[in-house]
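Below is one structure, written out as structure tokens; the observations come after it.
The values are calculated or read from the model by the stated rules, or taken from the named source; none is laboratory data. Keep in mind it's a predicted model, so treat the numbers as computed, not measured. A quick note on method: Cβ atoms are made from the backbone with ideal geometry, for glycine too, and the neighbour counts reach across all protein chains shown. Ligands, DNA and RNA are stripped out before the accessible areas are found, and what is left, the full protein with its side chains, is counted by its heavy atoms. Shrake-Rupley method; radii C 1.70, N 1.55, O 1.52, S 1.80 Å.
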Number of protein chains: 2
Amino acid sequence: MDKEFKRKLAEIVKDNAWYMGLGDVSRATGISQTKLRYWERKGYITSKQGKNQNRKFSYSMLIKAYQIKLFLDQGYTLAVAAEKAAAKNNVLKLVREIIFDRFEDVDTYDNHPAINLGYFDEDKDKLLYAVVYDDGTQFKLVPAKINKDDQDSK
Amino acid sequence: MDKEFKRKLAEIVKDNAWYMGLGDVSRATGISQTKLRYWERKGYITSKQGKNQNRKFSYSMLIKAYQIKLFLDQGYTLAVAAEKAAAKNNVLKLVREIIFDRFEDVDTYDNHPAINLGYFDEDKDKLLYAVVYDDGTQFKLVPAKINKDDQDSK
DNA sequence: AAACGATTGTCAACTATCTTGACAACGATA
DNA sequence: TATCGTTGTCAAGATAGTTGACAATCGTTT
């Protein structure tokens, strides 16, 4: 994956500048459209809506709404559920930031799909790989030199 | 984050069961609606469309369309661009799978936001943390015991 | 039981967004 | 110039979403 390609791809994913309609959010989360409109009126969620345009919700907002729903299911009041969801709203942003900072390439390791997360900060001679096995994901340190030869053979 | 809450959240994110309309994809990627319809007719992208319903595109498909666009920008023909994009289409799926398999919690390390990715497979006494510094993300090994105390204090 | 406030649902009238098919336009190639 | 692949425009019609009004439901308090 060349750098410019990766940068542009990261840009569109990282910036989160994609939106969906109210019905889309409702179907994805199982929350009724009426509820979503009320939650927005109360300020718990927000949408992008120009004059004479339909609401558009970001993916972050979809997740936030779903988190509110989960907290409601656990018995919290709407106000508290919204509060708790707001406190958790940074998780996915953080995850995205990390992945697109460190992601280098898709690869295989041990005949299993893996992603290369770049040089390991505690040992610069090794690359950190996340390898997806059938029973779970493991992190592996891969000597940088062997990996280089492996890439040449592909 | 309690386990059930996390499981349900992971479910909705992992399953990718959220969709957006043609216009949404067009705005997000800068690809015209006409192009997207043609690409779908040629089989390069697909949408979910029930009888008498509007098209709905998954996020994966949005990314695939954008990748096709990027390859077109690099000078490839549409057919080749679509071929290349198809070959890359597993990346984000893999990333998502890894993250939601290994993600344990949001934390701070060194006064910086971090995520805890669970026990490090090469050293079970340590946790693997991804720490977001101003100039980039680093992976850190954190002694499990100290981390446990740290969690108790929160 | 009645009252109140919060939350949610239903509906009518209207607007936004999208669909298809037909045809035009454009660019690359022979 | 002709051909083919790709893209754009348009009309007629359908889907999806909006607002405001009012009703219904629920939980709590008096």
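Can you work out which of the residues in region A:93-108 that are acidic (D, E) and more than 7 Å from every other protein chain (Cβ to nearest Cβ) is surrounded by the most Cβ atoms within 10 Å (Cβ to Cβ)?
A:D107
Just to check your reading of the model, which residue among A:N111, A:N90 is open to solvent by 60 Å² or more (accessible area, probe 1.4 Å), within 9 Å of another protein chain (Cβ to nearest Cβ) and either free of Cβ contacts under 8 Å to residues at least 40 places away in the same chain or farther than 30 Å from A:M61 by Cα (or both)?
A:N90
When A:N111 is evaluated against the numbered criteria (1) more than 13 Å from DNA strand D (Cβ to nearest atom); (2) assigned by TED's automatic domain parsing to the domain that holds A:G21; (3) more than 21 Å from the chain's Cα centre (by Cα), which criterion, by number, is the only one it fails?
Status for A:N111: all satisfied but (2).
Answer yes or no: is there a residue in region B:93-108 that is touching a strand residue (DSSP E or B) at 6+ places or on another chain (Cβ under 9 Å) and over 27 Å from B:K8 (Cα atoms).
So far as region B:93-108 goes, no, none of its residues is touching a strand residue (DSSP E or B) at 6+ places or on another chain (Cβ under 9 Å) and over 27 Å from B:K8 (Cα atoms).
Please work out which one of (1) among the basic types (K, R); (2) at pLDDT 90 or above; (3) within 14 Å of DNA strand D (Cβ to nearest atom) is the condition B:K51 fails and give its number.
Among (1) among the basic types (K, R); (2) at pLDDT 90 or above; (3) within 14 Å of DNA strand D (Cβ to nearest atom), the lone unmet condition for B:K51 is (2).
Picking from A:I99, A:I115, which residue would you name as being farther than 30 Å from A:Y38 by Cα and part of a helix (DSSP H, G or I)?
A:I99
If a residue has to be touching a residue at least 12 places away in the same chain (Cβ under 8 Å) and more than 10 Å from chain B (Cβ to nearest Cβ) to count, how many in region A:7-42 make the cut?
Number of matching residues: 9.
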